[in-house]
Every structure is written in structure tokens, then in C-alpha cells.
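Asker: Right, I'll just put the structure down here and ask away after.
The values are calculated or read from the model by the stated rules, or taken from the named source; none is laboratory data. Remember, predicted model here, so these are calculated numbers, not experimental data. Cβ coordinates were reconstructed from backbone atoms using ideal geometry, including for glycine residues, and neighbour counts include every protein chain displayed.
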Amino acid sequence: MNTNFQSASQRYAAIGVDATDAISRLGEIPISIHCWQGDDVTGLESPDAVLSGGIQATGDYPGKARNFEELTADFDKACSLIPGKKRINLHASYSVMGDDAVDRDALEPKHFEAWVDYAKSRGIGIDFNPTFFSHAMVKDGLTLSSPDDEVRSFWIRHGIACRRIAAYFAQELQTHCLCNVWIPDGLKDVPADRLAPRLRLRDSLDQIFDEDLDGVIDCVESKVFGIGLEAYTVGSNEFYTGYAATHPGVYNLMDNGHYHPTEMVSDKISAMLCYFEKLPLHVTRPVRWDSDHVVRLDDETKEIAIEIIRNDATDRVLIGLDFFDASINRVAAWVIGTRNMQKALLYALLMPHQELAAMQDEYRFTELFILQEELKTMPFGDIWDAYCDAQQTPRDGQWYAAIKEYEQTVLCERN
Ligand code: RNT
Ligand code: ZN
């Protein structure tokens, strides 16, 4: 047992926190890691795919994955440097098709067999997302809310097909599959009708969610605006919260890049937990807009983790990540962002929550303030090191060399 850990855990014991217990609990919290950081949300349908839907990956760091083999090799490399329990989050645009290529409305489980084999061999679960963007059938920025029946029915068929694929993942991997519907639908300028698109979206969702499927956890992801769709978003937070509240089994996924800048998802978590059994999250880092920067160990990430831990909601809050930065090494981006989410959870696990709550209830706000601040300079890093050791993954300061080598020998050979 290393002495840094021993002295650090004594410091935590003195405030009533068991660091060994924190380490073992952290190892059990799954993080769903999005595949799309590996290739700037390009997908595997075509190397020329153009990202649409009001989201953007900026930068041109060399070595982005161009196919299934490269993407999974990169994901493996990242996972080797990330401690703890992992899942992989796929988009429908990552189907692995050969000569039997079909359009998105005709996708079948067989187009994802390669992913199931991959997940089985790595012992991880799969989460899933129908892909309602980067496709010719997105007409004028609209999919499930389109006034054009041909467009709307195409995307309804896509949603139905994707839920069946999600059920296939759940069945094959013996773990739930979170199936998340995010659509870009909105308008650049002041609408003439805000209601009709929402009613069409509601009807489309009803058709998509009609089938009962085992193992699938359904959710809908709201948003405030997208690039080019600044004035109106059909799938707003109120729309989807209302939808979820009236459709048991469908949950509202909260992405912390999808709200007005002073609105905090950390504050919304407890409100949602009052009413919903599950709360799926996309943890990201918005910089001035929904920019999907790599997650840092910043105040809001910590506060999100604190809400999950102190409300004993690790089984109810499904933690997924959603960032895509093409300006730094993409494999490193996965490692940095995921480790930061885990650090935030560890930070939260190392807090004396009952004592803090008692201070609040007993109006001891001065003491509460002091303890909240002093927790920040506790020897957190020593516990994190011990966690990395226990998980047999490198500590901070010891993993970038592996990325650098991978960059030189693998990524830079891709051109
Ligand atoms: C877009 C949403 C959505 C996407 C991914 C690629 O604003 O956050 O989750 O980022 O589906
Ligand atoms: Zn998201």
C-alpha cells in the first residue's frame, strides 16, 4: 500500500469519508463513451459524409479514423488508458455494411453484427442513437417534424429500425441499450407556426415508440438551438419533458450544452429525479455555444457528479459523454474527457454528504461554506492515483507517452 494513499485516506477518514470504499464504488459506475469523437462524427457510411444538423467538429489534427478497423483500434487504445467500467455509444451512421448497403430507413441488426462481436470481445455494452443528420433526406433542416410526408415517414422508419437494432444489442450483450433520439429540426428565423411542427414531431415519436422492446431504454434529447437553426428548435426541453412525462418508458436526455448559459444541468438533475426513474445525460463542455469541447474537471462537471452521487442515483442517471474535438489528438481527447468525468465522480464520492446536508438543514451555512471550499484542497490526487493503480491503468502523467507513440506509429501513417 503506498504511503501517499495512506496519508490521504487518513485525511478523508478525519472528515468521515472512506477512500477505499470510494475507489471501489467508482470502479462500478459505467461511462458510455461515444464512438464519434474518433472521427469527427463522420460515420462509416461514406468517407465524404458532411456533418449537418447544426453541430460542428472543428480542427484538422492528423490521423482521424476512416473505417471500422481504425475506429475500433483507436477506441481500444483509448480504453487501455481509461480506468473503470466502459460502454460504447454508437450512432446509426456507424453501420458496417459491405455490398449489401441499404439506406438508413432499412437498417437491420446484421448491419451492426461487427459491433456486437467487438463489444462481446471487450466485455462492454452498447448504447445507440438513430442518426437524423448528415443525410440527403434531411430537407431544410427537418426530419421527424417535416411537413413533407415522404421526409417524415423516411425518418419514422429509421427510428423504428434503430429501436429494433437497440433491442438486438440488448439481447446479444445482456445489458440494457439506451436508444437516444436527437433530431436537429428547427428554423433559422422567426417561425410562422411553432405548434404544427411540434405536433408532427409528437406523432412521429408515437409511431417510433409504438413497439414494446425488451432491454431498450428510450430517450429523447432536447436542445435550445443549433448553428443555422437559431430561432426555433422543435424538440425543446419543455416539449420533451412533457413527452417523457406522458409516455412511460421514454426519458428526457439532458446534454449540458443544450441550455441557456446560466441554466445548469446539475440543478436540473434532482428535479428530474423527483419524477423520472431514469435520467440519461450527455456530459459535454459548451464554450459560448453547444461547441462540444472535451470535458474538463470544471465546476459544472463536478457539480453534475455530486448530484449523481449524493442522491444515490448511479443506477438511475445514465452517464454518457458527447464531445468532438478535431483540433487535438482524438484518442487523447477520449482519454482526457472520460478520465475527467471519472475524476468528478471520485471527487463527489470523497465528500461527507450527510454531514454537509445536515449543515444545510441546521442553517449552519458558514460551516457549510468552509467545508465545501476546504474539500477542494484535500489530497484528491493521491486517491485518484490509487484508483488508477487498482484498475491497472496509468496514473496522470504516465499515459501520454502511449498516445504519442500511437500517433507516430499508427495515426500519422493514415493519409
Ligand atoms: C447535438 C446533440 C447530439 C449529438 C450527437 C452526435 O447537439 O448533442 O447528441 O451531439 O448525437
Ligand atoms: Zn448530445
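Asker: Check GLU307, GLU238 and return the single one that is more than 25 Å from PHE154 (Cβ to Cβ) and either within 16 Å of ligand 1 (Cβ to nearest atom) or surrounded by fewer than 20 Cβ atoms within 10 Å (Cβ to Cβ) (or both).
Answerer: Checking each option against the conditions leaves just GLU238.
Asker: Does TYR347 satisfy being assigned to a helix (DSSP H, G or I), more than 19 Å from the chain's Cα centre (by Cα) and hydroxyl-bearing (Ser, Thr, Tyr)?
Answerer: Considered against the rule, which asks whether it is assigned to a helix (DSSP H, G or I), more than 19 Å from the chain's Cα centre (by Cα) and hydroxyl-bearing (Ser, Thr, Tyr), TYR347 comes out as yes.
Asker: Also, quick follow-up: Please work out which one of (1) within 16 Å of ligand 1 (Cβ to nearest atom); (2) buried (at least 20 other Cβ atoms within 10 Å of the Cβ) is the condition PHE225 fails and give its number.
Answerer: Result: PHE225 passes all but (2).
A quick yes/no check of all residues on (1) over 20 Å from the mean Cα position of the chain (by Cα); (2) closer than 23 Å to LEU199 by Cα; (3) within 13 Å of ligand 1 (Cβ to nearest atom):
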| position | (1), (2), (3) |
| --- | --- |
| LYS110 | yes, no, no |
| GLU113 | yes, no, no |
| ALA119 | no, no, no |
| PRO130 | no, yes, yes |
| ASP140 | yes, yes, no |
| SER146 | yes, yes, no |
| ASP149 | yes, yes, no |
| ILE156 | yes, yes, no |
| PHE169 | no, no, no |
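Asker: Here's another thing I want to ask about it. Checking the conditions here, which among PRO248, PRO261 is at pLDDT below 95, of a type outside the set (Val, Ile, Thr) and either assigned to a strand (DSSP E or B) or surrounded by fewer than 20 Cβ atoms within 10 Å (Cβ to Cβ) (or both)?
Answerer: After ruling out the rest, the residue left standing is PRO261.
Asker: Under 6 Å between Cβ atoms, which residue pairs at least 6 apart in sequence (or on different chains) link something in region 285-309 that is under 13 Å from GLY257 (Cα atoms) with a partner that is among the hydroxyl-bearing types (Ser, Thr, Tyr) and surrounded by 21 or more Cβ atoms within 10 Å (Cβ to Cβ)?
Answerer: Hits for this filter: ASP292/THR284; VAL295/THR301.
Asker: Further question on the same structure: Evaluate region 330-342: report whether one residue or more is in a helix (DSSP H, G or I), away from ligand 1 (no atom under 16 Å from the Cβ) and either modelled with pLDDT under 95 or surrounded by fewer than 22 Cβ atoms within 10 Å (Cβ to Cβ) (or both).
Answerer: Yes: region 330-342 contains one or more residues that are in a helix (DSSP H, G or I), away from ligand 1 (no atom under 16 Å from the Cβ) and either modelled with pLDDT under 95 or surrounded by fewer than 22 Cβ atoms within 10 Å (Cβ to Cβ) (or both).
Asker: Turning to a different aspect of this structure: For GLY84, indicate whether it is modelled with pLDDT under 95, within 22 Å of the chain's Cα centre (by Cα) and on the phi > 0 side of the Ramachandran plot.
Answerer: No.
Asker: Taking the condition outside any helix (DSSP H, G or I) and within 16 Å of ligand 2 (Cβ to nearest atom), does LEU253 pass?
Answerer: Judged against the criteria, LEU253 is a match.
To keep it simple, each residue is scored yes or no on (1) among the β-branched types (Val, Ile, Thr); (2) away from ligand 2 (no atom under 13 Å from the Cβ).
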| site | (1), (2) |
| --- | --- |
| PHE239 | no, yes |
| ALA244 | no, yes |
| PRO248 | no, yes |
| GLY257 | no, no |
| VAL283 | yes, no |
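Asker: Based on this model, can you work out whether GLN207 counts as among the polar types (S, T, N, Q), farther than 26 Å from ALA136 by Cβ and more than 16 Å from ligand 1 (Cβ to nearest atom)?
Answerer: Against the criterion (among the polar types (S, T, N, Q), farther than 26 Å from ALA136 by Cβ and more than 16 Å from ligand 1 (Cβ to nearest atom)), GLN207 does not qualify.
Asker: Six or more apart or on different chains, Cβ under 8 Å: which pairs go from a residue in region 255-266 that's aliphatic (A, V, I, L, M) to one that's outside any loop (DSSP other than H, G, I, E, B) and more than 16 Å from ligand 2 (Cβ to nearest atom)? Could you list them?
Answerer: From residues that are aliphatic (A, V, I, L, M), the pairs are MET264/GLU303.
Asker: Another question, if that's okay. So how many residues does region 251-277 have that are away from ligand 1 (no atom under 16 Å from the Cβ), within 17 Å of the chain's Cα centre (by Cα) and closer than 16 Å to SER222 by Cβ? It would help to see each step written out before you state the result.
Answerer: So the first thing to find is which residues in region 251-277 are away from ligand 1 (no atom under 16 Å from the Cβ), and the list is 262, 264, 266-267, 269-277.
Then drop every residue that is not within 17 Å of the chain's Cα centre (by Cα), which leaves 264, 266, 269.
The next check asks that each one be closer than 16 Å to SER222 by Cβ; those that pass are 264, 269.
Count: 2.
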